[in-house]
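See below for the structure under consideration.
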There are 2 protein chains.
Amino acid sequence: MPPADPQRLSLNTATVKQQWTLAQAIEGCARHGIRGIAPWRDKLAELGLQKAVSLIRSHGLSVTGLCRGGFFTAKDWLDDNRRAIEEAHALEADCLVLVVGGLPAGSKDLGHARERVQECISKILPEARQAGVPLAIEPLHPMQAADRACVNTLEQALDLCDALGEGVGVAVDVYHVWWDPNLAAQVARAGSRILGFHVCDWLVPTTDLLLDRGMMGDGVIDIPAIRRLVEAAGYTGPCEAEIFSKDNWWKRDGDEVLRTVTARYATVT
Amino acid sequence: MPPADPQRLSLNTATVKQQWTLAQAIEGCARHGIRGIAPWRDKLAELGLQKAVSLIRSHGLSVTGLCRGGFFTAKDWLDDNRRAIEEAHALEADCLVLVVGGLPAGSKDLGHARERVQECISKILPEARQAGVPLAIEPLHPMQAADRACVNTLEQALDLCDALGEGVGVAVDVYHVWWDPNLAAQVARAGSRILGFHVCDWLVPTTDLLLDRGMMGDGVIDIPAIRRLVEAAGYTGPCEAEIFSKDNWWKRDGDEVLRTVTARYATVT
């Protein structure tokens, strides 16, 4: 299998969330030869959308995704998702990543939460289509079903895509899907609907359900095997490194993190 | 839906693992009117098999399962599983629960680990059949795929049952399966192969991937809905309370735990 193409590496800014502003992350990417960036909206708000757009452009980066829309359990979900679509449009982002939200407060009805996700996406989809912003449903690991996303398998995300039609696809993050016995079949089914491919690693032991992701190569995920599946399905887009790591990578110097991301991308991704 | 039948409640001894010996757990069950018990083998070894058998019988308890066989990644897996089958036979346990093991040390090949599970079960199955000990494959939550069990969905466990034939079924633990979008269909498919039904709850937030399970009613799992599925599939067997809880229930008095289990079983299970 050919090595990962360095031109396709992108930095999800969550990877340096604690140590860098968005401006620093943009400059860091440029300094380390990383051609893509995927910002989070809290950092975008800090910098200001227009400043972000011009800084990203002046450094010649592409925006491989905007994190995030979704969270349909929030009170202001509709307005918030509209703003997210506008921001993704302004950034010329490849997609808006949807983390769909878990169970509403006080509810145990996962089936209903899942139906609601489809209704909510169908409400924002016309605006997303008009803005030319593809929506990428990201299935999250089942351990995050209650509090972050009730879409937990690629199969489920693709069923939503089937129901919703054009303008909706999926983001495949190895961390969320590596355990899935149906992964190969569902990646093949996804085909051209794969809008993003995210990498990091599953650590053994994992000490936190959200913030203990590993650097590529430090865990047990066979990342090249999953990349092979995704590419066999026709995906030729960017590969985002997205590492939430409160006790390790978030505590290190940002340049050290980017050096490591770049090196590991070349060798174990 | 009719309330849970008190006669069907069973105590998985992991629930009082830190505070009680097996002898204390047996006496505790008798004291609290719990008719079934599911011991773990470390506690069984401490007490001694024959003593355990006679103490369980003298208190009129039934053994709803023995925990655990499996862990096919261990060096001595074959001998260990043979001993487990003998112990389950001596205890007249309803089944031997298989926690199949995760990835072998140094491996990232989940597919191979999964194939190996089938091979290993097929090796112990003749002895299990001869001993009259049904083997219950327990799919574990995907967050435990690397280190405890590479069988992570009911669908996968049932595919193994299909391949292995008579003498193998599944244990359905709400904690491991509640998130599964295919749960209803797979429980129906399981039918008479459901050998055990385990309850506890999923806490929000969950602070540990293994030892932070909740008491029934303290989390977000719709336990009655899953019991309904299991019973609609024809299951009329015991309902085991199995709560690993290092920072809460394991720190409380055993009688308080059993009182709570019994009360919650009656109201939220």
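A few points about this structure:
- Remark: chain A carries 38 Å² of accessible area per residue (probe radius 1.4 Å; ligands, DNA and RNA excluded).
- Given charges at beta-carbon only (K, R positive; D, E negative), |dipole| of segment B:132-251 in Debye: 140 debye
- Descending Cα extents along the principal axes, segment B:30-186, whole Å: 46, 34, 29
- Whether segment A:93-201 is rounded, prolate or oblate, judged on the alpha carbon gyration tensor where a/c under 1.5 counts as rounded: oblate
- Fraction of the pair-distance distribution of the protein assembly as shown above 47 Å, Cα-Cα pairs, percent: 16 percent
- Mean residue ellipticity at 222 nm, helices only, chain A: -12500 deg cm²/dmol; runs of at least 4 DSSP H residues each add -39,500 (n - 2.57), and the sum is divided by the number of residues.
- Kirkwood hydrodynamic radius computed over segment B:1-102 comes to 14.0 Å, based on all pairs of distinct alpha carbons.
- Protein accessible area in chain B, 1.4 Å probe - carbon and sulfur %: 50 percent
- For segment B:172-179, Karplus couplings with θ = phi - 60° (6.51, -1.76, 1.60), whole Hz, Gly/Pro x: 9, 10, 4, 4, 8, 10, 4, 7
- Chain-alone versus full-assembly comparison, segment B:99-117, residues with accessible loss of at least 20 Å² (1.4 Å probe): B:Leu103, B:Lys108, B:Leu110, B:Arg114
- Dipole moment magnitude, nearest 20 debye, the protein assembly as shown about Cα centre, only Lys, Arg, Asp, Glu C-beta charged: 280 debye
- Shape of segment A:139-258, Cα gyration tensor, a/c cut at 1.5: prolate
- Share of pairwise Cα separations in segment A:57-109, more than 18 Å, in percent: 41 percent
- Positive-end residue, chain B charge dipole about Cα centroid, Cβ charges, pick of B:Ile243, B:Ala45, B:Thr73: B:Ala45
- Cβ-placed point charges (K, R +1; D, E -1), dipole of segment A:1-103 about Cα centre in debye, nearest 20: 180 debye
- For B:Val172, the residues whose amide H sits under 5 Å from its own are B:Leu195, B:Gly196, B:Phe197, B:His198, ignoring neighbours fewer than 5 places away on the same chain, with H placed 1.01 Å from N.
- Net +/- balance of residues flanking B:Asp212 in space, Cβ distance below 10 Å, scoring K and R +1, D and E -1: 0
- Between amide H atoms placed 1.01 Å from N, distances below 5 Å from B:Gly101 occur with B:Phe71, B:Phe72, B:Ala149, B:Cys150, all of them 5 or more places distant or on a separate chain.
- Lysine pairs in chain A with Cα atoms under 25 Å, if 8 or more residues apart or on separate chains: 11
- Gain upon complete extension [B:Ala105, B:Ala263; 0.36 nm per residue less C-alpha separation]: 52.7 nm
- Among complete DSSP H helices in chain B, those whose alpha-carbon atoms stretch at least 27 Å along the helix's long axis and whose mean Kyte-Doolittle hydropathy reaches -1.0 are B:110-131.
- Solvent-accessible surface (1.4 angstrom probe) belonging to B:Lys51, in square angstrom, nearest 10: 140 Å²
- Separation between Cα centres of segment B:101-140 and segment A:227-269, rounded to whole Å: 34 Å
- Largest-first ordering by accessible area, 1.4 Å probe, given options A:Ser58, B:Ser10, B:Ser192: B:Ser192, A:Ser58, B:Ser10
- Interface area, A with B, accessible, probe 1.4 Å, both sides summed, Å² nearest 100: 2200 Å²
- Label-point distances for A:His112 to the equivalent site in the other copies, using a point 7 angstrom along Cα→C-beta, read 4.8 nm when ranked shortest first.
- The value of relative contact order for chain A, using C-alpha pairs under 8 Å at least six residues apart, is 21 percent.
- For A:Ala163, inter-copy label distances in nm, listed shortest first [label point 7 Å out on the Cα-Cβ vector]: 3.2
- Inter-copy spacing of B:Asn182 label points, which lie 7 Å from Cα along Cα→Cβ, given in nm from shortest upward: 0.4
- Measuring nothing but how far apart in sequence close Cα pairs (under 8 Å, 6+ apart) lie, relative to its length, segment B:76-235 scores a relative contact order of 19 percent.
- Taking label points 7 Å from Cα along the Cα-to-Cβ direction, A:Met1 and A:Lys251 give a separation of 3.2 nm.
- Cα gyration tensor shape of chain A, rounded if a/c is under 1.5, else prolate or oblate by comparing a/b with b/c: rounded
- Interface burial in segment B:205-227 reaches 40 Å² or more for B:Leu209, B:Val220, comparing the full protein assembly with the chain by itself; accessible area from heavy atoms with a 1.4 Å probe.
- Amide H to amide H, with H built 1.01 Å from N, B:Leu9 comes under 5 Å of B:Arg35, B:Cys239, counting only residues 5 or more places away or on other chains.
- DSSP bridge pairs, the protein assembly as shown: antiparallel proportion in percent, nearest 5: 5 percent
The values are calculated or read from the model by the stated rules, or taken from the named source; none is laboratory data. Since the structure is predicted, the reported quantities are computational estimates derived from the model, not experimental observations. Don't worry about glycine lacking a Cβ; one is built from the backbone with ideal geometry, like all the others, and counts go over all protein chains shown. For accessibility, only protein heavy atoms count, side chains too; no ligands or nucleic acids. Shrake-Rupley method; radii C 1.70, N 1.55, O 1.52, S 1.80 Å.
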